[in-house]
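The values are calculated or read from the model by the stated rules, or taken from the named source; none is laboratory data. On a predicted model such as this, the values are computed, not experimentally measured, just so you know. Here the Cβ is made from the backbone with ideal geometry for all residues, glycine too, and neighbour counts use every protein chain on show. Ligands, DNA and RNA are stripped out before the accessible areas are found, and what is left, the full protein with its side chains, is counted by its heavy atoms. Shrake-Rupley method; radii C 1.70, N 1.55, O 1.52, S 1.80 Å.
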Amino acid sequence: MSWQPQYRSSKFRHVYGKPASKEKCYDCVPITRNVHDNHFCAVNPHFIAVVTECAGGGAFLVIPIHQTGKLDPHYPKICGHKGSVLDIKWNPFNDFVIASCSEDATVKIWDIPKHLLTRNITTPKKELLGHVRRVGLIEWHPTANNILFSSGYDYKIMIWNLDSQEAVISQPVKILDVHKDVVLSMSFNTDGSLLATACRDRKIRLIDPRAGTVLQVASYKSHRVSKVLFLGNMKKLFSTGTSRWNNRQIALWDQNDLSVPLLEEDLDGSSGLLFPFYDSDTHMLYVVGKGDGNIRYYEISPEKPYLNYLMEYRSHLPQKGIGMMPKRGLEVSACEIFRFYKLIPSKSLIEPISMIVPRRSESYQEDIYPLTTGAQPALTAQEWLNGVNKGPLLVSLRPGSGAVNSLPLESEPLLKTNDLSQQQGRGGRMPLEDVQKPSETEDSRKLLKVEEKLLKNEQVCLTNGFDVFECPPPKTENELLQMFYRQQDEIRRLRELVNQRDVQIKQLELELRNVCTGT
């Protein structure tokens, strides 16, 4: 019998949670007192949205991400719902569009202005009318543009195509009527071809959303599920719930066999819900407890024991809800791999918590930042409805690499030529799937001319790899450091381009000399 060590090697063994300082928190925020089991918070690189208390209807706040400190008590709200707001989600491909659902049985789509709000917004961009009872959950499709899923207390899941020109949409493109009770959670696999749901009847269902058929059902009696989550491309599902003895419990399932869980583990005897979050880039799983201040985190592996406990972030302040920043909004200069936004209603406070990998080097750590999901859709809504499946478009988080913004660019050819020049300068991987590699049989003179044109384009439109009109001047030390690293990377890249051009010039001189001697 071979001896095996008790520890395992992992670059994320020493990840720790770092709460933000008081100046970087959001204070005096009237967080909702609703007891619905949802996050009540949605975050993207531009805004943080949080459901708030409001007399006579439902409302939520949208605060610019850098506007920390005390919030004005008269700060404008988005308040078009007639009932309490139960869930809010940002569009993953447009940072200025947010969806909300409410007890008034409607789903509304809102356009958020790029400038600061000066008055309440009461008129939505679109209104979705189809549910007959309150709507408790909404989810955007992970790869198709303008596809939204909503789930209500009428036990139905509705699929909406927002490409429609109508302001009021009353007919969803598909209705999934396969549940016998309220749907508590929805989760997509990586390309959005499968939907996993957790229902109040204690069953997990794996559904083909376009066909409307249930592929598998898990009805394991000793695990009463409340939340379910796809674990990226690991072919596994993760669920949280309670055991027969009302202990909080987690379980891991094989996507192809939901009869018995691969793993189940009791955590504690608290009564609060457990929210799972998965980072497919680092294979790290975070379990956040509602009603307590703890965040447990694990590392997922494809072989046994599958779930490897790393550490636990502890706090004496309990969280009502939680928000999560997308990877493209993290501070890579500080080795930040995840960021939570913790709602603390007892103090009317939103506290950012950064999960950090301790590293001594201040340069970009490529091993902890692989290519990640970008802000460009892989499919149109109609393509997905027609049966096309496609994984998300991937981008690099390296400062200055571009392609991490969700705003529509004005000129597509410029984007492609910029990516091409970075690929030629670094000799690395392309961040987007649709960018093609240059032909290796091109004449060296043509390559030289193309590179000169690319350099001219970059000098005209870009500075240090990003748009100077979109990025505000640095206000904090971390922002200043990040801009410094961008400039260093840009200088390094330009030096490599100059060296390549020098080599090509020498090759052309040698060819010219050979031609002269031959004649």
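Tabulated results
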| item | result |
| --- | --- |
| Whole-number accessible area per residue in Å² for the stretch 16-373, which is evaluated in the context of all protein chains at 1.4 Å | 40 |
| Cα gyration tensor category, rounded, prolate or oblate, for the stretch 256-313 with a/c compared to 1.5 | oblate |
| Charge context of HIS46, other residues only, Cβ under 9 angstrom, K/R +1, D/E -1 | 0 |
| Rounded if a/c under 1.5, otherwise prolate or oblate - the stretch 1-151, Cα gyration tensor axes | prolate |
| Of LYS89/LYS342; LYS24/LYS227; LYS203/LYS227; LYS114/LYS390, those spanning more than 20 Å from alpha-carbon to alpha-carbon | LYS24/LYS227; LYS114/LYS390 |
| Relative packing of 252-259, 359-366, which averages over residues the other C-beta atoms within 10 Å, highest first | 252-259, 359-366 |
| Sequence-distant residues sharing a close amide H with LYS125 (under 5 Å, placed H) | ILE109, TRP110, ASP111 |
| In sequence order, calculated HN-Hα J values of the stretch 292-306 (Karplus, 6.51, -1.76, 1.60; Hz; x Gly/Pro) | 10, x, 9, 10, 8, 9, 10, 10, 8, 10, x, 9, 4, x, 6 |
| Vicinal HN-Hα couplings computed from phi for the stretch 486-501 (Karplus, 6.51 cos²θ - 1.76 cosθ + 1.60; Hz; Gly/Pro x) | 4, 5, 5, 5, 5, 5, 4, 5, 5, 5, 5, 5, 5, 4, 4, 5 |
| Amide proton proximity set for ASN91, modelled H, under 5 Å, gap of 5+ | VAL97, ILE98, ALA99 |
| Amide H contacts of CYS28 (H built 1.01 Å from N, under 5 Å, at least 5 apart or other chain) | LEU71 |
| Carbon plus sulfur fraction of accessible area for the stretch 179-228, probe 1.4 Å, in percent | 45 |
| Cβ-defined net charge surrounding ALA144, 11 Å radius [Lys, Arg +1; Asp, Glu -1] | -1 |
| Euclidean distance between Cα centres, the stretch 79-132 to the stretch 279-314, Å | 32 |
| Between the stretch 341-398 and the stretch 183-240, the Cα center-to-center distance that results, in Å | 22 |
| Relative contact order (%) - criterion: Cα under 8 Å, at least six apart; region: the stretch 16-373 | 13 |
| In sequence order, calculated HN-Hα J values of the stretch 185-199 (Karplus, 6.51, -1.76, 1.60; Hz; x Gly/Pro) | 7, 9, 8, 9, 7, 4, 9, x, 8, 10, 10, 9, 10, 10, 10 |
